[in-house]
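One structure is given here, and the rest of the page talks about it.
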Amino acid sequence: MKKLTIILTVGCVMVLTMLNQQVEARINLLTTAELTGHGTYRLLSGTMLYDKEDGKYKLWSVTQPAAPYGYWSMYYSESVDLIHWVNINLQEILYGQSDYWNCETPRIVSVLKEPGSGYKMWYNIYWCVTHGPWENWIHYRSSTNGINWSSEQTVLDPSDTYYSDDFNPNAVHLMNGDERLYYTHEYGDSPDHTLRRIDLKDDGVTWFNMTTIKTIYDRGFQNVASTIIGNQNGDSHHRVWVIESGPVLYRYDSVDEGQTWSETCCGIYTGDSIVGSFFDKQNNKEYFIKTDGDTLYLEESLAPTLSIDIILNSNTFGPGETLNADARVTNGDAPVKVDIKAWLSATVGNKEILKSLLNVNNKTLPPNLDKTVNIFDYTFNLPKPVTGEICGRILDTVTGDHLAEDCEPFTYTP
């Protein structure tokens, strides 16, 4: 039976003074060698957030002991700068007791810190026999400090939406005072998976609205990671990374709170398992949370590697000389969907001129692209001087973010 693993991320985004330290492309969060207690054998997954009220990054990790099969632990750790995590308040906070047949193992966990309040946790439990066979439930706990947690309560079980082989709490955030929990759901032996959202009351358990966001048909999923770009109090930009068999990495973006989605990149993916994603707003960097079993770490997510260069045959011109302008566009090893624009702005005497030279929308750039196109030719024969520049820009088709830009100045003297 094919499995879908949903990757957690927290709908909290960071605002942090980084103490003049550079954040690296890879940041080790936790290793099995640092663990004491029960679950010291393997690191399964993790989720993290930045707590503005006490100025700390906080990490919750799910681990597995060597024996007995089906037991699990959850550890808490923290950092003040996103870089240094080693043994900082590291402690085992939960230990799940079960047996081989019950196989009560959480794989995905999502934590929300409400401003001026406590912590809320949602996680899935995989039951082999007791509630099954082979079913997932979503449970909830609360805490005042992120370390000591209440008894678990059931939020969703298979009876809520018909038989489910997987319930995976993907991300949770606040929107207009409501807690919105995103999760994926698998229809038993069906190849279809659905991304859904439930709106929760303040108790974290009672849900009052269920919305189907996207049905994902059989594409051989291995993992999914989700990011909410913005702050936890209602940013509308959501992102989902999908790893399919192959493996191939896709990125979907939504700018309307996950109601509509556009596939925007990416390409072939190799490496350790992605078990979450995390957006650092202060540094405008997005990370995958990854594990090789022995180490849980952050690695900068795959972002389009793009450039646009405006190439002029000269920057100064006289009467009868011709300005020739090319635009060179390059792309990295992943396809990406973009808008490309180029324009001329100039002042002739006291008159300002703006001219569009290139306007291409919703263009998919193939991997390893390196293409140069002519965008403008003009032979000067004017009685007045001209100062100006020719610019080019590449934009994200969905969000409008500027991904690359270049400008080249020129002058004409009669």
For ARG107: the one exception among (1) of a type in the set (Lys, Arg); (2) modelled with pLDDT under 75; (3) surrounded by fewer than 18 Cβ atoms within 10 Å (Cβ to Cβ): (3)
The range 390-406, residues that are surrounded by fewer than 16 Cβ atoms within 10 Å (Cβ to Cβ) and modelled with pLDDT of 95 or more: none
Any chance SER73 is buried (at least 17 other Cβ atoms within 10 Å of the Cβ) and at pLDDT 85 or above: yes
Of residues in the range 290-325 being modelled with pLDDT of 95 or more and buried (at least 18 other Cβ atoms within 10 Å of the Cβ), the one nearest to SER77 (Cα to Cα): ILE310
The one condition in (1) in a strand (DSSP E or B); (2) at pLDDT 75 or above that CYS266 fails to fulfil: (2)
Members of the range 333-373 that are surrounded by fewer than 17 Cβ atoms within 10 Å (Cβ to Cβ), under 26 Å from the mean Cα position of the chain (by Cα) and part of a strand (DSSP E or B): ASN361, ASN362, LYS363, THR364
Residue that is modelled with pLDDT of 95 or more and charged (D, E, K, R), where the choices are LYS363, LYS341, LYS351, LYS384: LYS341
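The values are calculated or read from the model by the stated rules, or taken from the named source; none is laboratory data. Everything numeric in this text was worked out from a predicted model, so none of it was measured. Ideal geometry is used to build each Cβ from the backbone, glycine not excepted, and the neighbour counts take in all protein chains shown.
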